[in-house]
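A short worksheet on the structure shown next.
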Amino acid sequence: MFKFNKKQLIRFTALLAAFITLSGSIVIIRTPGLNLSRYPLAFLAGIRREIGGIVFYHRNLVRNEILDKEIDFLKQKIRELNDIYAENQRLKGLLEFKQKTPYHVVACRVIGRSPDNWMSLVTVDKGSNQGIRRGLVVITYAGLVGRVTETTPSASKITLINDPDFSVSALIQRSRQEGLVSGTLGAYLIMKYLPKDADVKVDDAILTSGLSGNFPKGLSIGKVVEIGEEFSGLSHYALIRPVVNLSAIEEVFVIIP
Amino acid sequence: MRGILYVPFIILLGLFQVSVLDICKVWNVKPDLLLVGMAACGVYTSSAWALSLGLLAGLWKDIFSAGPFGVNTLLFSLWSLALVKLARKISIDNYIIFAGTIAVITALDAILTRLVFLYFGKVVSLGIFLRILVLETAYTAAASVPLFSLAKMIHEKSR
């Protein structure tokens, strides 16, 4: 069906060589391309938000009622915790503990998402001009979101925790059992290499262990929803539902060390 | 110069692909609008324009992707070249044939993309790969029908 004569073959080879060269130089083209698309993307992100509000109106209504109840409960909790905090401050003063430096964060707005189904990433509206650089950790109020993988002066790409390329050393809050959490490109994460006798239960909270890269210890990752045996039969795995709804994030914070 | 009318069409599809389209995800999978757009434009433009639009669609997709190699720039250009050759042999100007062609291209594109990523050390388990492959192929083929109509409309209005 696809027959070529000599002239066409030469032309085809030249074209192929040009395409390969262009493909190799994508990193150079990416920066102006992203800068150029920043404003239309921010506009479309707003439209996406509005459409989402209309499409998921009833779900949002129900969620709002649940959240209202949760707010009342949390207000009560905050009051209790404020008492404990005040007591803690007093005791710290007494023991002359050094005040630990809190995270310095840069707030970013999500303006774009992954163009295909083979990677899980988002584009945010802040870049190297705001101090963001490759490898920095990204969070929300709820917990861990991902890691910065690419930056331009005014935009950055963040690989989310459900990307298969992403992995972080984690531990089970209750039993302190360690494991490696990776992405599955779906709604769940997987915690691998758990020994067969590991103390893990459904609903256990998973936190970062602080052993890998820039990830601070104690960031919330998710909750265990299922435990199973690895195909090899040598170890167990745990499926984790992330605490952050990755498909609906609109604002994130990049931790600047 | 009718092909130039499809440039904003491709750019808009790319912007939709990375923003609004996320609402339409089914089991975390969304259709590849740029691939459909590139193929639909290829049906109604000359070979040179089809190739240029394929290259533009690939570049546009790679700008929003991550990784050191622009695999879509290469593959989309090759798909548009193959489509131009195929269109000379059979008529793709039909909804069912177009959707079928899109399904085949989407599946091949997914397999080749995975192979390239595998070469760069990005491993996806077979189960996840098959889930995305099947869903993406079906979803993209289904989404190709309205987009094909849109490309046809642009073609007819510009005549």
Original post:
What angle do you read, to the nearest 10 degrees and between 0 and 90, between the alpha-carbon axis of helix A:57-95 and the longest principal axis of chain A?
Top reply: 60
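Could you work out Rg/(2.2 N^0.38 Å) for region A:6-55, with Rg from alpha carbons only? Working shown, then result.
On the way: Rg = 19.2 Å, N = 50, 2.2 N^0.38 = 9.7 Å.
Normalised Cα radius of gyration, region A:6-55: 1.97.
Take peptide B:26-34, look around each residue's Cβ out to 10 angstrom, count Cβ atoms belonging to other protein chains, and average those counts.
On the way: counts 0, 3, 9, 4, 5, 1, 3, 1, 2.
The per-residue average across the peptide is 3.
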Original post:
In degrees between 0 and 90, to the nearest 10, how far off the longest principal axis of chain B does helix B:126-157 point, with axes built from Cα atoms?
Top reply: 10
Subject >> Backbone HN-Hα couplings from phi across region A:139-150 [Karplus 6.51/-1.76/1.60, Hz, Gly and Pro as x] >> reply: 9, 10, 4, 6, x, 5, 10, x, 9, 6, 10, 8
Subject >> Rounded tilt (10° steps) of B:6-17 against the dominant C-alpha axis of chain B >> reply: 30
**OP:** Jot down the radius of gyration and Dmax of region A:102-257, Cα atoms only, both in angstrom.
**Re:** 15.4, 49
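Can you give the percent of C-alpha pairs in region B:1-84 whose distance is more than 18 Å?
Numbers: 1365 of 3486 pairs.
Looking at region B:1-84, the distances longer than 18 Å represent 39 percent of pairs.
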Subject >> Ratio of the Cα radius of gyration of region B:2-157 to 2.2 N^0.38 Å, where N counts its residues >> reply: 0.99
Original post:
Taking each residue of A:158-170 in turn, how many C-beta atoms of other protein chains fall within 10 Å of its C-beta, and what is the average?
Top reply: 2
Original post:
Taking residue A:192 as the anchor, which lysines have their alpha carbon closer than 18 Å to its alpha carbon, excluding any fewer than eight residues away along the same chain?
Top reply: A:201, A:223, B:122
Original post:
Each residue of region A:154-166 in turn: what ³J(HN,Hα) in whole Hz from Karplus with 6.51, -1.76, 1.60 and θ = phi - 60°, glycine and Pro shown as x?
Top reply: 10, 8, 9, 10, 10, 7, 7, 5, 8, 7, x, 7, 9
Original post:
In what sequence do B:155, A:104, A:58 fall when counting other Cβ within 10 Å, fewest first?
Top reply: A:58, A:104, B:155
Subject >> Semi-axis lengths, Å, the protein assembly as shown, gyration tensor of Cα atoms, sqrt of 5 times eigenvalues >> reply: 45, 23, 21
Original post:
Which of A:196/A:217; B:25/B:89; A:7/B:157 have a Cα-Cα distance over 32 Å?
Top reply: B:25/B:89; A:7/B:157
**OP:** With θ set to phi - 60°, apply the Karplus curve 6.51 cos²θ - 1.76 cosθ + 1.60 along region A:124-136 and write out the HN-Hα couplings as whole Hz, x wherever there is a Gly or Pro.
**Re:** 10, 8, 10, x, 4, 4, 9, x, 7, 9, 4, x, 6
Subject >> Most mobile of A:136, A:15, A:219 in a GNM of chain A (Cα contacts under 10 Å) >> reply: A:15
Subject >> Within a Gaussian network of chain B (alpha carbon springs, distance under 10 Å), most fluctuating of B:84, B:26, B:134 >> reply: B:26
Subject >> Helix-only mean residue ellipticity at 222 nm for chain A, each DSSP H run of n ≥ 4 adding -39500 (n - 2.57), per residue, nearest 500 >> reply: -12500 deg cm²/dmol
**OP:** Determine the distance separating the Cα centre of region A:32-79 from the Cα centre of region B:18-39; give it in Å without decimals.
**Re:** 21
Original post:
Structure shown: which of A:92/A:157; B:85/B:152; A:157/B:85 lie over 30 Å apart, alpha-carbon to alpha-carbon?
Top reply: A:92/A:157; A:157/B:85
**OP:** Select from region A:159-210 those trypsin sites (Lys or Arg not before Pro) which occupy a DSSP coil region and have at most 10 other Cβ atoms within 10 Å, ordered by residue number.
**Re:** A:176, A:196
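Any read-out appearing in this document is the output of simple, stated calculations on the displayed coordinates, not a laboratory observation. Just so it is clear, the structure is predicted and the values come from calculations on it, not from any experiment. All Cβ positions, glycine included, derive from the backbone under ideal geometry; neighbour counts span all protein chains shown.
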